[in-house]
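Data first, discussion second: the structure below is written as structure tokens.
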Number of protein chains: 2
Amino acid sequence: MVRRDAEKIYAGKASSDHAIPQESINQLLVRLAKEGKRVLRLKGGDPFIFGRGGEELAELIDENIEFQVVPGITAASGCASYAGIPLTHRDHSQACIFVTGHRREGGEDLNWEMLSHANQTVVFYMGLENIERICSSMKAHGRAATTPAALVEKGTTSEQRVFVGDLDSLPGIIAENEVRAPTLILVGEVVALHKRLGWYKPGQEIKRPLPGL
Amino acid sequence: MVRRDAEKIYAGKASSDHAIPQESINQLLVRLAKEGKRVLRLKGGDPFIFGRGGEELAELIDENIEFQVVPGITAASGCASYAGIPLTHRDHSQACIFVTGHRREGGEDLNWEMLSHANQTVVFYMGLENIERICSSMKAHGRAATTPAALVEKGTTSEQRVFVGDLDSLPGIIAENEVRAPTLILVGEVVALHKRLGWYKPGQEIKRPLPGL
């Protein structure tokens, strides 16, 4: 939706292949703004949920650059909607937790005890590479091996694939079906609702909720 | 954005004053759809995060009514963006948790142990009435009394107010400032970032990110 003459700079990244390091993105925002340009920093998802938006803001504030933040649909919301998996449900889940499955080098391990309680939904962002660890750690900390778990690959797109299993079967499902990033992992009782509530068939035409509905 | 001749039916609810009970909303959707109408069920926030969207879907599916789900900006994302409080941050928070502070009658208590770990962000939806309980339970389960905590009243609107304190001071802040619903409660180390990252001044004109930026 940007003007046709806008300069577009790709700053995307995959978990192991950073197109532009975060530090350089921060500096780029500052430099372009100081050149007098109007800069749109466009991110997938929400800037304040695993989006490092806070770090970019801090840089702009240090440099006295005016800005505004526009919230977005985080991957958990988008994938939940298009997979027909409510993140909370009065009967099944009192809380939902978003966590990143990709560990920062030298960073602390995840709080598996916290993540492994019953009756809550856990959404792992970028967890595909650590799936064995995620499933075994949750089981070791008390989550039942039969806890429903889903993979949503390329969620919300016309290539979306949803796989449902449990903490025991998830790693095998990934290998068998060659599931690739970007894939969101959802764990919790609500995942079982997909069978009934899954409504989106990739390839079907989605009628956008436009004015004049 | 709906057509001017669309029939609008208010189905909103406050936590203690349900304009229309959920059961009646479900039935209304079904009845209107069976009359051949195109029905838009508009919700604040995201339908799958404390939105009871799953229950509405189940009803439509039972009645063979076609639908699509459009995800939305959940209150936590909207309020976080407009309060300048990132929900996750590499240095401060590895996970964020959304939970409802409003207890269902006869329902189980919240999992305070899970909610009270350090280095995570907890967002309470509809928690204002139970603020004393929330703060004292988190402290009793090990969260430091000095853990930063914020109230975002009427978040994202031109009447937004943000108050920052800690688990000790929050109840007093609410009383002193006559904080009213809708108010989101955020607890965690990231809340301290508001002082530096808070950017939105209610009343200031927000330039919407329109085509032609």
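Restrict the check to the stretch B:10-26 and report whether at least one residue is in a loop (DSSP other than H, G, I, E, B) and under 23 Å from residue B:149 (Cβ atoms).
From the stretch B:10-26, those in a loop (DSSP other than H, G, I, E, B) are B:10-12, B:15-16, B:19-21; that's our starting set.
With under 23 Å from residue B:149 (Cβ atoms) added as a condition, the list becomes B:15.
Checking the stretch B:10-26: at least one residue is in a loop (DSSP other than H, G, I, E, B) and under 23 Å from residue B:149 (Cβ atoms).
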*Does the stretch A:41-57 include one or more residues that are closer than 30 Å to residue B:108 by Cα and surrounded by 15 or more Cβ atoms within 10 Å (Cβ to Cβ)?*
yes
_Can you say whether residue A:90 is among the basic types (Lys, Arg) and within 19 Å of the chain's Cα centre (by Cα), as far as the supplied structure shows?_
no
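Per-residue answers, yes or no, for (1) at pLDDT below 95; (2) closer than 25 Å to residue B:98 by Cα:
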position: A:118; (1), (2): yes, yes
position: A:126; (1), (2): yes, yes
position: A:129; (1), (2): yes, no
position: A:137; (1), (2): no, yes
position: A:140; (1), (2): no, yes
position: A:146; (1), (2): no, yes
position: A:155; (1), (2): no, yes
position: A:163; (1), (2): no, yes
position: A:175; (1), (2): no, no
*With the condition kept exactly as written, say whether any residue in the stretch B:58-70 is of a type in the set (Gly, Ala, Ser) and not assigned by TED's automatic domain parsing to the domain that holds residue B:181.*
yes
_Yes or no: the stretch B:142-159 includes at least one residue that is surrounded by 21 or more Cβ atoms within 10 Å (Cβ to Cβ), in the same structural domain as residue B:83 (by TED's automatic domain parsing), under 25 Å from residue A:57 (Cα atoms) and in contact with a His (Cβ under 7 Å, 6 or more places away or on another chain)._
yes
*Please name all residue pairs, on different chains or six or more residues apart, with Cβ atoms under 9 Å, provided the first residue is in the stretch B:140-161 and is at positive phi and the second residue is part of a strand (DSSP E or B).*
B:154/B:161; B:154/B:183
*Out of the stretch A:170-185, which residues are under 15 Å from residue A:130 (Cβ atoms) and in a loop (DSSP other than H, G, I, E, B)?*
A:179, A:180, A:181, A:182
_Go through the stretch A:78-116 and report how many residues are farther than 16 Å from residue B:99 by Cβ, part of a helix (DSSP H, G or I) and not charged (D, E, K, R)._
7
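Is at least one residue of the stretch A:52-60 within 25 Å of residue A:151 (Cβ to Cβ), under 19 Å from the mean Cα position of the chain (by Cα) and modelled with pLDDT of 90 or more? Before you say what the answer is, go through the steps one by one.
Taking the stretch A:52-60 first, the residues within 25 Å of residue A:151 (Cβ to Cβ) are A:52.
Right, trim to under 19 Å from the mean Cα position of the chain (by Cα) and you get A:52.
Next, only the ones that are modelled with pLDDT of 90 or more stay: A:52.
So far as the stretch A:52-60 goes, yes, one or more of its residues are within 25 Å of residue A:151 (Cβ to Cβ), under 19 Å from the mean Cα position of the chain (by Cα) and modelled with pLDDT of 90 or more.
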*Does residue B:137 fit the bill of being over 22 Å from residue B:175 (Cα atoms), in contact with a helix residue (DSSP H, G or I) (Cβ under 9 Å, 6 or more places away or on another chain) and not assigned by TED's automatic domain parsing to the domain that holds residue B:49?*
no
_Search result, residues across the stretch B:31-46 that are closer than 28 Å to residue B:153 by Cα and either more than 7 Å from chain A (Cβ to nearest Cβ) or of a type in the set (Asp, Glu) (or both)_ = B:41, B:42, B:43, B:44, B:45, B:46
*From A:85, A:20, grab the single residue that is more than 7 Å from chain B (Cβ to nearest Cβ) and in contact with a His (Cβ under 9 Å, 6 or more places away or on another chain).*
A:85
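If only one of A:193, A:128, A:170, A:184 is aliphatic (A, V, I, L, M), assigned by TED's automatic domain parsing to the domain that holds residue A:87 and touching a Ser or Thr at 6+ places or on another chain (Cβ under 8 Å), which one is it?
Working: A:193 fails: touching a Ser or Thr at 6+ places or on another chain (Cβ under 8 Å); A:170 fails: touching a Ser or Thr at 6+ places or on another chain (Cβ under 8 Å); A:184 fails: touching a Ser or Thr at 6+ places or on another chain (Cβ under 8 Å).
From the options A:193, A:128, A:170, A:184, the qualifying one is A:128.
Is at least one residue of the stretch A:135-148 outside any strand (DSSP E or B), within 30 Å of residue B:67 (Cα to Cα) and away from chain B (no Cβ under 12 Å)? I'd like the intermediate steps shown before the answer.
First, the residues of the stretch A:135-148 that are outside any strand (DSSP E or B): A:135-147.
Of the ones still in play, those that are also within 30 Å of residue B:67 (Cα to Cα) are A:147.
Among the residues that remain, those that are also away from chain B (no Cβ under 12 Å) are: A:147.
Looking through the stretch A:135-148, at least one residue is outside any strand (DSSP E or B), within 30 Å of residue B:67 (Cα to Cα) and away from chain B (no Cβ under 12 Å).
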*State which residue is nearest to the chain's Cα centre (by Cα) when the search covers only the stretch A:93-126 and only residues that are more than 7 Å from chain B (Cβ to nearest Cβ) and charged (D, E, K, R).*
A:103
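The values are calculated or read from the model by the stated rules, or taken from the named source; none is laboratory data. Computed from a predicted model, the values in this text were never measured in an experiment. Backbone-built Cβ (ideal geometry, glycine too); neighbour counts: all protein chains shown.
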